[in-house]
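Report on the following structure.
The values are calculated or read from the model by the stated rules, or taken from the named source; none is laboratory data. These figures come from a predicted structure and were not determined experimentally. No Cβ is skipped: glycine too gets one built from the backbone with ideal geometry, and neighbour counts run over all protein chains shown. Calculation scope for accessible area: heavy atoms of the full protein, side chains included, ligands and nucleic acids excluded. Shrake-Rupley method; radii C 1.70, N 1.55, O 1.52, S 1.80 Å.
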Amino acid sequence: MMTLLRYELLKTYRKLRTYIGFGLIIVLVPLAYWGMSLGGEDMARHMTAGLQKDFLFAGNLFNGWFVSHLLMNVLFIHIPFLIVLVAGDVFAGEATSGTFRILLTRPPSRSGIFAVKTVTTFLYTYSLVVFLALFSTGLGLLMFGSGHLLAVSEEGVSIFAPDTIVWRFTLAYILAGWSMCTVASLAMMFSTFVENAIGPIVGSMAVVILFFILGNLPFAFFESIRPYLFTTYLNVWQRVFVEPMDGLRMVKDAVYLGGFTLSFTAVAWIIFTRKDILS
Amino acid sequence: MRNRLAGIVLISLLASHAAAHAQTTPPANEILRRVRGEFERIDDYRADVHIVARIPRVNVPPMDATVYYKKPDRFHIEAKGFAMLPRDAISFNPMLFTEEMYDAVVQGEEIVDGIRCHKVKLLAKSDTLRLQRAMLFVDPTRWIVLRMAADPARGSSADIRFTYAFIQNRWLLPSRVVIEIDAGPTARLPNKPGAPALGDDEKESQHSRIVMTYTNYSVNKGIPDSVFSPEHSP
(Lines give C-alpha, C1' and ligand atoms only; values in the text may rest on other atoms or scores of the structure.)
Protein backbone atom coordinates (compact mmCIF):
# COMPACT_ATOMS: atom_id res chain seq x y z
CA MET A 1 0.00 0.00 0.00
CA MET A 2 2.87 2.38 0.86
CA THR A 3 4.48 1.72 -2.53
CA LEU A 4 1.19 2.49 -4.20
CA LEU A 5 0.92 5.71 -2.21
CA ARG A 6 4.49 6.68 -3.10
CA TYR A 7 3.77 6.21 -6.82
CA GLU A 8 0.54 8.14 -6.54
CA LEU A 9 2.32 11.01 -4.78
CA LEU A 10 5.07 10.97 -7.42
CA LYS A 11 2.45 11.05 -10.14
CA THR A 12 0.61 13.97 -8.55
CA TYR A 13 3.65 16.08 -7.68
CA ARG A 14 5.24 15.55 -11.11
CA LYS A 15 2.30 17.21 -12.82
CA LEU A 16 2.69 20.90 -13.60
CA ARG A 17 -0.97 21.48 -12.70
CA THR A 18 -0.18 20.62 -9.07
CA TYR A 19 2.08 23.65 -8.82
CA ILE A 20 -0.39 26.19 -10.19
CA GLY A 21 -1.71 26.75 -6.66
CA PHE A 22 1.78 27.08 -5.15
CA GLY A 23 2.85 29.42 -7.95
CA LEU A 24 -0.22 31.58 -7.54
CA ILE A 25 0.48 31.93 -3.81
CA ILE A 26 4.12 32.85 -4.51
CA VAL A 27 3.00 35.59 -6.90
CA LEU A 28 -0.11 36.79 -5.10
CA VAL A 29 1.10 37.05 -1.48
CA PRO A 30 4.04 39.43 -2.11
CA LEU A 31 1.85 41.50 -4.43
CA ALA A 32 -0.89 41.75 -1.79
CA TYR A 33 1.64 42.67 0.90
CA TRP A 34 3.20 45.30 -1.33
CA GLY A 35 -0.26 46.80 -1.85
CA MET A 36 -0.94 46.67 1.88
CA SER A 37 2.35 48.38 2.66
CA LEU A 38 1.09 51.36 0.65
CA GLY A 39 -2.29 51.79 2.31
CA GLY A 40 -2.93 48.96 4.74
CA GLU A 41 -2.35 51.08 7.82
CA ASP A 42 -5.47 53.07 6.95
CA MET A 43 -7.38 49.79 6.88
CA ALA A 44 -6.38 48.95 10.46
CA ARG A 45 -7.30 52.52 11.48
CA HIS A 46 -10.64 52.28 9.70
CA MET A 47 -11.45 48.99 11.45
CA THR A 48 -10.98 50.65 14.83
CA ALA A 49 -12.42 54.05 13.91
CA GLY A 50 -15.42 53.62 16.21
CA LEU A 51 -13.17 52.83 19.15
CA GLN A 52 -10.69 55.61 18.46
CA LYS A 53 -13.29 58.24 19.34
CA ASP A 54 -13.16 57.05 22.93
CA PHE A 55 -9.72 55.46 23.14
CA LEU A 56 -6.16 56.51 22.45
CA PHE A 57 -4.27 53.76 20.65
CA ALA A 58 -0.60 53.18 21.37
CA GLY A 59 1.48 50.62 19.51
CA ASN A 60 1.16 49.13 16.07
CA LEU A 61 -1.78 46.97 15.02
CA PHE A 62 -0.70 46.96 11.39
CA ASN A 63 1.84 44.15 11.54
CA GLY A 64 2.68 40.75 10.07
CA TRP A 65 -0.09 38.95 11.94
CA PHE A 66 -2.69 41.47 10.82
CA VAL A 67 -1.78 41.21 7.12
CA SER A 68 -1.53 37.39 7.30
CA HIS A 69 -4.96 37.17 8.88
CA LEU A 70 -6.40 39.60 6.35
CA LEU A 71 -4.91 37.63 3.48
CA MET A 72 -6.19 34.37 4.94
CA ASN A 73 -9.70 35.85 4.97
CA VAL A 74 -9.42 37.00 1.37
CA LEU A 75 -7.68 33.94 -0.06
CA PHE A 76 -9.87 31.33 1.55
CA ILE A 77 -12.67 32.25 -0.82
CA HIS A 78 -10.28 31.47 -3.70
CA ILE A 79 -8.26 28.56 -2.33
CA PRO A 80 -11.04 26.07 -3.30
CA PHE A 81 -10.33 26.99 -6.95
CA LEU A 82 -6.75 25.80 -6.50
CA ILE A 83 -7.76 22.65 -4.63
CA VAL A 84 -10.23 21.46 -7.27
CA LEU A 85 -7.60 21.83 -10.01
CA VAL A 86 -5.89 18.75 -8.61
CA ALA A 87 -8.77 17.00 -6.86
CA GLY A 88 -10.98 17.21 -9.96
CA ASP A 89 -8.25 15.61 -12.03
CA VAL A 90 -7.43 12.72 -9.73
CA PHE A 91 -9.78 10.15 -11.31
CA ALA A 92 -10.94 11.88 -14.47
CA GLY A 93 -7.35 12.63 -15.46
CA GLU A 94 -6.51 8.93 -15.46
CA ALA A 95 -9.61 8.25 -17.54
CA THR A 96 -8.67 10.96 -20.02
CA SER A 97 -5.14 9.68 -20.45
CA GLY A 98 -6.38 6.10 -20.67
CA THR A 99 -4.19 4.75 -17.89
CA PHE A 100 -7.01 3.30 -15.79
CA ARG A 101 -7.19 0.07 -17.76
CA ILE A 102 -3.52 -0.67 -17.20
CA LEU A 103 -3.69 0.43 -13.58
CA LEU A 104 -6.72 -1.68 -12.75
CA THR A 105 -5.31 -4.82 -14.32
CA ARG A 106 -2.47 -4.70 -11.76
CA PRO A 107 -2.78 -6.62 -8.46
CA PRO A 108 -3.90 -3.71 -6.22
CA SER A 109 -7.66 -3.66 -5.69
CA ARG A 110 -9.89 -0.81 -6.82
CA SER A 111 -10.51 0.09 -3.16
CA GLY A 112 -6.75 0.22 -2.59
CA ILE A 113 -6.24 2.50 -5.57
CA PHE A 114 -9.16 4.63 -4.44
CA ALA A 115 -7.69 4.88 -0.93
CA VAL A 116 -4.26 6.07 -2.10
CA LYS A 117 -5.79 8.56 -4.52
CA THR A 118 -7.94 9.94 -1.68
CA VAL A 119 -4.99 10.17 0.71
CA THR A 120 -2.90 11.84 -1.99
CA THR A 121 -5.63 14.39 -2.69
CA PHE A 122 -5.94 15.22 1.01
CA LEU A 123 -2.14 15.42 1.35
CA TYR A 124 -2.01 17.82 -1.57
CA THR A 125 -4.77 19.90 0.03
CA TYR A 126 -2.90 20.13 3.31
CA SER A 127 0.43 20.79 1.57
CA LEU A 128 -1.09 23.79 -0.21
CA VAL A 129 -2.63 25.11 3.01
CA VAL A 130 0.62 24.61 4.98
CA PHE A 131 2.55 26.34 2.20
CA LEU A 132 0.15 29.28 2.31
CA ALA A 133 0.45 29.38 6.11
CA LEU A 134 4.26 29.39 6.17
CA PHE A 135 4.71 31.68 3.19
CA SER A 136 2.10 34.29 4.14
CA THR A 137 2.91 34.51 7.85
CA GLY A 138 6.67 34.26 7.28
CA LEU A 139 6.73 36.99 4.66
CA GLY A 140 4.21 39.06 6.64
CA LEU A 141 6.34 39.00 9.79
CA LEU A 142 9.47 39.70 7.77
CA MET A 143 7.92 42.72 6.05
CA PHE A 144 5.74 44.18 8.80
CA GLY A 145 7.10 42.80 12.08
CA SER A 146 5.23 41.19 14.96
CA GLY A 147 2.77 42.55 17.54
CA HIS A 148 -0.81 42.19 18.67
CA LEU A 149 -3.36 40.79 16.23
CA LEU A 150 -6.44 42.81 15.35
CA ALA A 151 -9.28 40.65 14.05
CA VAL A 152 -12.75 41.88 13.11
CA SER A 153 -15.63 39.45 12.84
CA GLU A 154 -19.43 39.50 12.99
CA GLU A 155 -19.11 39.09 16.75
CA GLY A 156 -17.03 42.25 17.08
CA VAL A 157 -13.41 43.30 17.38
CA SER A 158 -10.79 41.09 19.01
CA ILE A 159 -7.25 42.04 19.84
CA PHE A 160 -4.97 39.14 20.72
CA ALA A 161 -1.75 39.26 22.70
CA PRO A 162 1.34 37.99 20.82
CA ASP A 163 1.75 34.91 23.05
CA THR A 164 -1.63 33.53 21.93
CA ILE A 165 -1.29 34.21 18.21
CA VAL A 166 0.96 31.34 17.06
CA TRP A 167 -1.31 28.59 18.35
CA ARG A 168 -4.37 30.40 17.01
CA PHE A 169 -2.87 30.57 13.52
CA THR A 170 -1.77 26.91 13.76
CA LEU A 171 -5.25 25.78 14.79
CA ALA A 172 -6.85 28.04 12.16
CA TYR A 173 -4.75 26.54 9.37
CA ILE A 174 -5.42 22.97 10.57
CA LEU A 175 -9.15 23.72 10.47
CA ALA A 176 -8.79 25.53 7.12
CA GLY A 177 -7.09 22.42 5.71
CA TRP A 178 -9.91 20.32 7.13
CA SER A 179 -12.54 22.45 5.39
CA MET A 180 -10.58 22.39 2.12
CA CYS A 181 -10.61 18.57 2.32
CA THR A 182 -14.41 18.78 2.03
CA VAL A 183 -14.05 20.80 -1.20
CA ALA A 184 -11.42 18.34 -2.41
CA SER A 185 -13.68 15.35 -1.70
CA LEU A 186 -16.51 17.04 -3.64
CA ALA A 187 -14.24 17.54 -6.66
CA MET A 188 -12.96 13.98 -6.27
CA MET A 189 -16.54 12.68 -6.24
CA PHE A 190 -17.35 14.57 -9.46
CA SER A 191 -14.09 13.25 -10.86
CA THR A 192 -15.34 9.69 -10.58
CA PHE A 193 -18.49 10.54 -12.58
CA VAL A 194 -16.79 11.58 -15.82
CA GLU A 195 -13.77 10.97 -17.98
CA ASN A 196 -12.64 14.54 -18.47
CA ALA A 197 -11.17 16.69 -15.65
CA ILE A 198 -12.70 19.96 -16.82
CA GLY A 199 -16.21 18.91 -15.82
CA PRO A 200 -15.33 18.09 -12.16
CA ILE A 201 -13.20 21.23 -11.79
CA VAL A 202 -15.85 23.58 -13.16
CA GLY A 203 -18.70 21.61 -11.60
CA SER A 204 -17.32 21.62 -8.08
CA MET A 205 -16.48 25.31 -8.29
CA ALA A 206 -20.00 26.02 -9.51
CA VAL A 207 -21.40 24.13 -6.51
CA VAL A 208 -19.12 25.99 -4.08
CA ILE A 209 -20.09 29.39 -5.54
CA LEU A 210 -23.80 28.51 -5.65
CA PHE A 211 -23.81 27.29 -2.04
CA PHE A 212 -21.83 30.35 -0.91
CA ILE A 213 -24.41 32.65 -2.49
CA LEU A 214 -27.42 30.69 -1.21
CA GLY A 215 -25.95 30.55 2.27
CA ASN A 216 -25.46 34.29 2.42
CA LEU A 217 -28.84 35.45 1.13
CA PRO A 218 -30.56 37.11 4.11
CA PHE A 219 -34.01 35.63 3.53
CA ALA A 220 -35.90 33.20 5.75
CA PHE A 221 -36.06 30.38 3.20
CA PHE A 222 -32.33 30.42 2.49
CA GLU A 223 -31.58 30.66 6.20
CA SER A 224 -33.56 27.45 6.73
CA ILE A 225 -31.45 25.54 4.18
CA ARG A 226 -28.16 27.00 5.40
CA PRO A 227 -27.38 24.16 7.87
CA TYR A 228 -27.52 21.64 5.01
CA LEU A 229 -24.93 23.42 2.87
CA PHE A 230 -21.33 22.38 3.47
CA THR A 231 -20.17 25.93 2.64
CA THR A 232 -21.81 27.12 5.88
CA TYR A 233 -19.05 25.38 7.82
CA LEU A 234 -16.07 26.14 5.57
CA ASN A 235 -15.19 29.23 7.63
CA VAL A 236 -14.85 27.19 10.84
CA TRP A 237 -11.25 28.42 11.12
CA GLN A 238 -12.47 32.00 11.56
CA ARG A 239 -13.93 31.04 14.96
CA VAL A 240 -10.36 30.67 16.25
CA PHE A 241 -10.05 34.44 15.98
CA VAL A 242 -13.15 35.20 18.02
CA GLU A 243 -12.90 35.73 21.75
CA PRO A 244 -14.32 34.04 23.78
CA MET A 245 -13.67 31.07 21.52
CA ASP A 246 -16.72 28.83 21.11
CA GLY A 247 -14.94 25.46 21.20
CA LEU A 248 -18.14 23.42 21.09
CA ARG A 249 -19.36 25.23 17.99
CA MET A 250 -15.97 24.73 16.35
CA VAL A 251 -16.02 21.00 17.07
CA LYS A 252 -19.61 20.77 15.77
CA ASP A 253 -18.68 22.58 12.54
CA ALA A 254 -15.60 20.37 12.11
CA VAL A 255 -17.74 17.25 12.65
CA TYR A 256 -20.28 18.44 10.05
CA LEU A 257 -17.45 19.07 7.59
CA GLY A 258 -16.08 15.60 8.36
CA GLY A 259 -19.55 14.20 7.67
CA PHE A 260 -19.73 15.94 4.29
CA THR A 261 -16.19 14.80 3.41
CA LEU A 262 -17.04 11.24 4.38
CA SER A 263 -20.29 11.32 2.37
CA PHE A 264 -18.64 12.70 -0.79
CA THR A 265 -15.78 10.20 -0.44
CA ALA A 266 -18.20 7.31 0.13
CA VAL A 267 -20.20 8.22 -2.99
CA ALA A 268 -16.94 8.50 -4.95
CA TRP A 269 -15.82 5.09 -3.67
CA ILE A 270 -19.14 3.44 -4.58
CA ILE A 271 -19.03 4.89 -8.09
CA PHE A 272 -15.35 4.13 -8.64
CA THR A 273 -15.53 0.52 -7.44
CA ARG A 274 -18.62 -0.25 -9.55
CA LYS A 275 -17.73 1.75 -12.61
CA ASP A 276 -17.19 0.20 -16.03
CA ILE A 277 -13.81 1.37 -17.26
CA LEU A 278 -14.31 2.00 -20.94
CA SER A 279 -11.40 4.25 -21.77
CA MET B 1 -47.83 86.30 69.46
CA ARG B 2 -46.54 82.77 70.06
CA ASN B 3 -46.99 81.94 66.35
CA ARG B 4 -45.12 85.06 65.28
CA LEU B 5 -42.25 84.17 67.64
CA ALA B 6 -42.08 80.62 66.23
CA GLY B 7 -42.02 82.04 62.71
CA ILE B 8 -39.13 84.38 63.53
CA VAL B 9 -37.15 81.52 65.11
CA LEU B 10 -37.75 79.29 62.08
CA ILE B 11 -36.74 82.00 59.61
CA SER B 12 -33.61 82.83 61.56
CA LEU B 13 -32.72 79.14 61.77
CA LEU B 14 -33.10 78.73 57.99
CA ALA B 15 -31.14 81.91 57.36
CA SER B 16 -28.31 80.82 59.62
CA HIS B 17 -28.23 77.41 57.92
CA ALA B 18 -28.08 79.02 54.49
CA ALA B 19 -25.35 81.36 55.68
CA ALA B 20 -23.40 78.45 57.13
CA HIS B 21 -23.78 76.55 53.84
CA ALA B 22 -22.64 79.58 51.90
CA GLN B 23 -19.60 79.81 54.11
CA THR B 24 -18.66 76.09 53.68
CA THR B 25 -19.24 75.93 49.92
CA PRO B 26 -16.82 78.22 48.10
CA PRO B 27 -17.68 79.54 44.63
CA ALA B 28 -17.09 77.17 41.72
CA ASN B 29 -14.04 79.02 40.40
CA GLU B 30 -12.49 79.02 43.86
CA ILE B 31 -12.96 75.24 44.06
CA LEU B 32 -11.33 74.82 40.65
CA ARG B 33 -8.50 77.16 41.64
CA ARG B 34 -7.77 75.00 44.69
CA VAL B 35 -7.94 71.80 42.58
CA ARG B 36 -5.49 73.34 40.11
CA GLY B 37 -3.32 74.45 43.01
CA GLU B 38 -2.88 70.85 44.13
CA PHE B 39 -1.94 69.75 40.64
CA GLU B 40 0.21 72.77 39.90
CA ARG B 41 3.00 71.41 42.06
CA ILE B 42 3.50 68.65 39.49
CA ASP B 43 5.71 69.74 36.61
CA ASP B 44 5.91 66.33 35.01
CA TYR B 45 5.38 62.69 35.72
CA ARG B 46 5.91 59.29 34.22
CA ALA B 47 3.91 56.24 35.30
CA ASP B 48 3.28 52.68 34.26
CA VAL B 49 -0.39 51.89 33.61
CA HIS B 50 -2.01 48.47 33.59
CA ILE B 51 -5.31 48.48 31.75
CA VAL B 52 -8.07 45.92 31.99
CA ALA B 53 -10.95 46.66 29.65
CA ARG B 54 -14.34 45.01 29.39
CA ILE B 55 -16.06 46.39 26.33
CA PRO B 56 -19.08 44.74 24.70
CA ARG B 57 -18.20 43.16 21.34
CA VAL B 58 -14.58 44.18 21.79
CA ASN B 59 -12.11 41.74 23.29
CA VAL B 60 -8.78 43.07 24.41
CA PRO B 61 -6.21 41.40 26.62
CA PRO B 62 -4.89 43.20 29.71
CA MET B 63 -2.53 45.89 28.46
CA ASP B 64 0.46 47.80 29.79
CA ALA B 65 1.60 51.26 28.82
CA THR B 66 3.73 54.11 30.08
CA VAL B 67 2.18 57.56 30.40
CA TYR B 68 4.23 60.76 30.28
CA TYR B 69 2.83 64.13 31.38
CA LYS B 70 4.41 67.53 31.22
CA LYS B 71 2.92 70.82 32.32
CA PRO B 72 0.61 72.33 31.24
CA ASP B 73 -1.17 69.82 28.99
CA ARG B 74 1.26 67.55 27.21
CA PHE B 75 0.66 63.79 27.30
CA HIS B 76 2.49 60.97 25.64
CA ILE B 77 1.76 57.23 25.75
CA GLU B 78 4.13 54.41 24.98
CA ALA B 79 3.30 50.71 24.76
CA LYS B 80 5.67 47.84 24.09
CA GLY B 81 3.00 45.94 22.21
CA PHE B 82 -0.37 47.59 21.97
CA ALA B 83 -2.57 49.49 24.37
CA MET B 84 -5.83 51.37 24.13
CA LEU B 85 -6.56 53.90 26.82
CA PRO B 86 -9.75 55.86 27.46
CA ARG B 87 -9.15 59.37 26.16
CA ASP B 88 -11.02 61.28 28.83
CA ALA B 89 -9.36 59.42 31.70
CA ILE B 90 -5.77 59.22 30.49
CA SER B 91 -5.66 62.89 29.56
CA PHE B 92 -7.44 64.02 32.73
CA ASN B 93 -5.78 67.27 33.64
CA PRO B 94 -7.22 69.69 36.23
CA MET B 95 -4.89 72.39 34.87
CA LEU B 96 -7.32 72.78 31.97
CA PHE B 97 -10.29 73.64 34.21
CA THR B 98 -9.70 77.39 34.05
CA GLU B 99 -12.13 80.32 33.95
CA GLU B 100 -10.92 81.09 30.43
CA MET B 101 -11.94 77.67 29.16
CA TYR B 102 -15.00 76.73 31.20
CA ASP B 103 -18.02 78.29 32.86
CA ALA B 104 -18.36 76.66 36.26
CA VAL B 105 -21.20 76.50 38.73
CA VAL B 106 -21.60 74.65 42.04
CA GLN B 107 -24.57 72.30 41.95
CA GLY B 108 -24.72 71.10 45.55
CA GLU B 109 -22.99 68.23 47.26
CA GLU B 110 -22.90 64.48 46.85
CA ILE B 111 -21.18 61.66 48.68
CA VAL B 112 -18.49 59.84 46.69
CA ASP B 113 -16.66 56.94 48.35
CA GLY B 114 -17.92 58.10 51.75
CA ILE B 115 -16.73 61.68 51.24
CA ARG B 116 -19.16 64.61 50.91
CA CYS B 117 -17.96 66.31 47.72
CA HIS B 118 -18.71 69.62 46.04
CA LYS B 119 -20.45 69.12 42.72
CA VAL B 120 -19.09 71.51 40.12
CA LYS B 121 -20.67 71.69 36.70
CA LEU B 122 -18.36 72.70 33.84
CA LEU B 123 -19.50 74.06 30.49
CA ALA B 124 -16.93 74.60 27.77
CA LYS B 125 -16.69 78.14 26.41
CA SER B 126 -15.37 76.90 23.07
CA ASP B 127 -16.73 74.10 20.94
CA THR B 128 -13.18 73.13 19.97
CA LEU B 129 -12.52 71.63 23.41
CA ARG B 130 -12.88 67.86 23.61
CA LEU B 131 -14.54 67.98 27.03
CA GLN B 132 -17.71 69.98 26.42
CA ARG B 133 -19.59 69.32 29.65
CA ALA B 134 -18.52 67.71 32.90
CA MET B 135 -19.61 67.29 36.45
CA LEU B 136 -16.72 67.23 38.90
CA PHE B 137 -17.04 65.80 42.39
CA VAL B 138 -14.35 67.53 44.43
CA ASP B 139 -13.08 66.36 47.82
CA PRO B 140 -13.28 69.60 49.92
CA THR B 141 -10.42 68.66 52.25
CA ARG B 142 -7.77 67.42 49.80
CA TRP B 143 -9.03 69.40 46.76
CA ILE B 144 -8.87 66.51 44.37
CA VAL B 145 -11.45 65.26 41.86
CA LEU B 146 -12.86 61.94 43.04
CA ARG B 147 -15.32 61.53 40.23
CA MET B 148 -15.97 63.10 36.86
CA ALA B 149 -19.00 62.63 34.65
CA ALA B 150 -17.59 63.64 31.27
CA ASP B 151 -19.54 64.49 28.15
CA PRO B 152 -17.09 64.96 25.27
CA ALA B 153 -17.76 66.57 21.91
CA ARG B 154 -16.76 63.36 20.10
CA GLY B 155 -17.17 59.92 21.55
CA SER B 156 -19.30 58.59 24.37
CA SER B 157 -20.01 60.07 27.76
CA ALA B 158 -18.02 58.53 30.58
CA ASP B 159 -18.20 58.27 34.33
CA ILE B 160 -14.71 58.27 35.80
CA ARG B 161 -13.83 57.48 39.42
CA PHE B 162 -10.39 58.26 40.78
CA THR B 163 -8.56 56.69 43.71
CA TYR B 164 -5.44 58.55 44.76
CA ALA B 165 -2.18 57.63 46.43
CA PHE B 166 0.54 59.78 47.94
CA ILE B 167 3.60 59.53 45.71
CA GLN B 168 6.81 59.89 47.70
CA ASN B 169 4.60 61.34 50.47
CA ARG B 170 4.32 64.59 48.54
CA TRP B 171 2.05 64.38 45.53
CA LEU B 172 -1.47 63.06 45.30
CA LEU B 173 -1.85 61.30 41.99
CA PRO B 174 -4.33 58.70 40.70
CA SER B 175 -3.45 55.13 41.61
CA ARG B 176 -6.60 53.55 40.22
CA VAL B 177 -9.08 54.93 37.73
CA VAL B 178 -12.35 53.21 36.88
CA ILE B 179 -14.13 54.36 33.75
CA GLU B 180 -17.66 53.44 32.76
CA ILE B 181 -18.42 54.35 29.15
CA ASP B 182 -21.87 54.37 27.56
CA ALA B 183 -22.77 52.04 24.69
CA GLY B 184 -20.99 54.23 22.13
CA PRO B 185 -17.97 52.23 20.94
CA THR B 186 -19.86 48.99 20.35
CA ALA B 187 -22.89 50.58 18.73
CA ARG B 188 -20.68 51.81 15.91
CA LEU B 189 -19.23 48.39 15.06
CA PRO B 190 -20.40 46.82 11.82
CA ASN B 191 -23.33 44.46 12.00
CA LYS B 192 -23.83 41.56 9.62
CA PRO B 193 -26.10 42.56 6.72
CA GLY B 194 -29.65 41.54 7.51
CA ALA B 195 -28.99 41.16 11.23
CA PRO B 196 -31.51 42.95 13.44
CA ALA B 197 -30.43 46.27 14.93
CA LEU B 198 -29.77 46.41 18.65
CA GLY B 199 -32.86 47.07 20.75
CA ASP B 200 -32.95 49.82 23.37
CA ASP B 201 -32.67 47.29 26.19
CA GLU B 202 -29.60 45.72 24.60
CA LYS B 203 -27.98 49.13 24.13
CA GLU B 204 -28.67 49.90 27.80
CA SER B 205 -26.75 46.82 28.90
CA GLN B 206 -23.79 47.60 26.63
CA HIS B 207 -21.67 49.56 29.06
CA SER B 208 -17.90 49.41 28.92
CA ARG B 209 -15.80 49.27 32.07
CA ILE B 210 -12.10 50.00 32.04
CA VAL B 211 -9.86 49.82 35.08
CA MET B 212 -6.49 51.54 34.94
CA THR B 213 -3.92 50.94 37.67
CA TYR B 214 -1.00 53.35 37.93
CA THR B 215 2.34 52.24 39.38
CA ASN B 216 6.00 53.32 39.38
CA TYR B 217 5.32 57.05 39.39
CA SER B 218 8.31 59.23 38.78
CA VAL B 219 7.36 62.85 39.54
CA ASN B 220 9.20 66.09 38.75
CA LYS B 221 12.30 64.30 37.49
CA GLY B 222 12.26 66.19 34.21
CA ILE B 223 11.08 64.76 30.88
CA PRO B 224 12.71 66.01 27.65
CA ASP B 225 10.40 67.79 25.20
CA SER B 226 11.42 65.33 22.49
CA VAL B 227 9.28 62.68 24.21
CA PHE B 228 6.19 64.72 23.31
CA SER B 229 7.22 65.42 19.71
CA PRO B 230 4.74 64.34 16.98
CA GLU B 231 7.04 61.48 15.91
CA HIS B 232 6.52 59.95 19.31
CA SER B 233 2.75 60.41 19.32
CA PRO B 234 0.63 57.26 19.25
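Observations on the structure shown:
- Over 27 Å apart at the Cα level, from the set A:Lys53/B:Lys80; A:Lys11/A:Lys275; A:Lys53/B:Lys121; B:Lys80/B:Lys221; A:Lys15/A:Lys252; B:Lys125/B:Lys221, are A:Lys15/A:Lys252; B:Lys125/B:Lys221.
- Across the alpha-carbon atoms of the protein assembly as shown, the computed radius of gyration and Dmax are 32.8, 131 angstrom.
- Amide H to amide H distances under 5 Å link B:Gln107 with B:Lys119, B:Val120, B:Lys121, where only residues 5 or more positions off or on other chains count and H is placed in the peptide plane.
- Principal-axis analysis of the Cα atoms of chain A puts helix A:198-216 at an angle of about 40° to the longest axis.
- The A and B chains share an interface that buries close to 2500 Å² of accessible area, total over both sides, probe 1.4 Å.
- Degrees, to the nearest 10: A:165-193 long Cα axis against longest axis of chain A: 30
- Per-residue mean of C-beta atoms belonging to partner chains within 10 Å, peptide B:76-83: 6
- Residue among A:Leu210, A:Leu85, A:Leu141 with the largest mean-square fluctuation in a Gaussian network model of chain A, springs linking Cα atoms under 10 Å: A:Leu210
- Taking θ as phi - 60° and the Karplus parameters 6.51, -1.76 and 1.60, the scalar couplings of region B:116-124 work out to 6, 10, 6, 9, 10, 8, 10, 10, 5 Hz in sequence order, x denoting glycine and proline.
- Förster radius 45 Å - calculated FRET efficiency between A:Ser37 and A:Asp246 (Cβ-Cβ, nearest 0.05): 0.85
- Spin-label pair B:Thr66/A:Thr164, simplified geometry with 7 Å Cα→Cβ offset, distance in nm: 2.6
- 5 Å binning of all Cα-Cα separations within region B:26-232, expressed as whole percents from 0 upward: 1, 7, 14, 17, 19, 17, 12, 7, 3, 2, 1, 0
- Estimated FRET transfer efficiency when R0 is 45 angstrom, pair A:Ile174-B:Ser229 (beta carbons, to 0.05): 0.50
- Annotation: amide H-H contacts under 5 Å for B:Gln132 (H modelled 1.01 Å from N, sequence separation of 5 or more, or interchain): B:Asp151, B:Ala153.
- Between region A:225-262 and region B:49-88, the alpha-carbon center distance in angstrom: 36
- Equivalent-ellipsoid semi-axes for region A:2-274 (Cα gyration tensor, √(5λ), whole Å, largest first): 38, 21, 15.
- Under the Karplus curve 6.51 cos²θ - 1.76 cosθ + 1.60, θ = phi - 60°, whole-Hz ³J(HN,Hα) for region A:51-64, x wherever Gly or Pro sits: 6, 5, 6, 10, 10, 8, 9, 10, x, 10, 8, 8, 9, x
- Placed amide H near B:Asn59: partners under 5 Å, 5+ positions off or other chain: A:Val157, A:Ser158, A:Ile159
- Highest mobility in the GNM of chain A, judged by mean-square fluctuation with C-alpha springs under 10 Å and restricted to A:Thr99, A:Thr121, A:Thr12, is found for A:Thr99.
- Sequence-ordered 3J(HN,Hα) estimates for region B:166-178 from the Karplus curve with 6.51, -1.76 and 1.60 and θ = phi - 60° stand at 6, 9, 6, 6, 10, 10, 8, 9, x, 9, 8, 10, 10 Hz, glycine and proline given as x.
- Angle of helix A:2-14 to the longest C-alpha principal axis of chain A, folded into 0 to 90 degrees and rounded to 10: 70°.
- Most mobile of A:Met189, A:Met43, A:Met143 in a GNM of chain A (Cα contacts under 10 Å): A:Met43
- Computed over the alpha-carbon atoms, region A:38-88 gives an Rg to Rh ratio of 1.20, Rh here being the Kirkwood radius from the mean inverse distance.
- Protein heavy-atom accessible surface, 1.4 Å probe, per residue over chain A: 46 Å².
- The protein assembly as shown, dipole about Cα centre (Lys/Arg Cβ +1, Asp/Glu Cβ -1), debye to the nearest 20: 840
- With the simple model of a label 7 Å out from the Cα in the direction of the Cβ, A:Leu103 to B:Ser126 spans 7.9 nm.
- Convex hull volume of the C-alpha atoms in region B:59-146, normalised per residue: 146 Å³.
- At least 50 Å² of accessible area lost relative to the chain alone, listed for region B:37-61 with a 1.4 Å probe: B:Arg57, B:Asn59, B:Pro61
- A crude spin-label estimate for the pair A:Val194 and B:Arg133, with each label 7 Å from Cα along the Cβ direction, gives 6.9 nm.
- When the Cα convex hull of region A:19-174 is projected onto planes of every orientation, the mean area is 11.6 nm².
- Selection from A:Leu28, A:Gly259, A:Met43, by position along the positive dipole direction of chain A (Cβ): A:Gly259
- Solvent-accessible area, 1.4 Å probe, carbon plus sulfur percent, for the protein assembly as shown: 62
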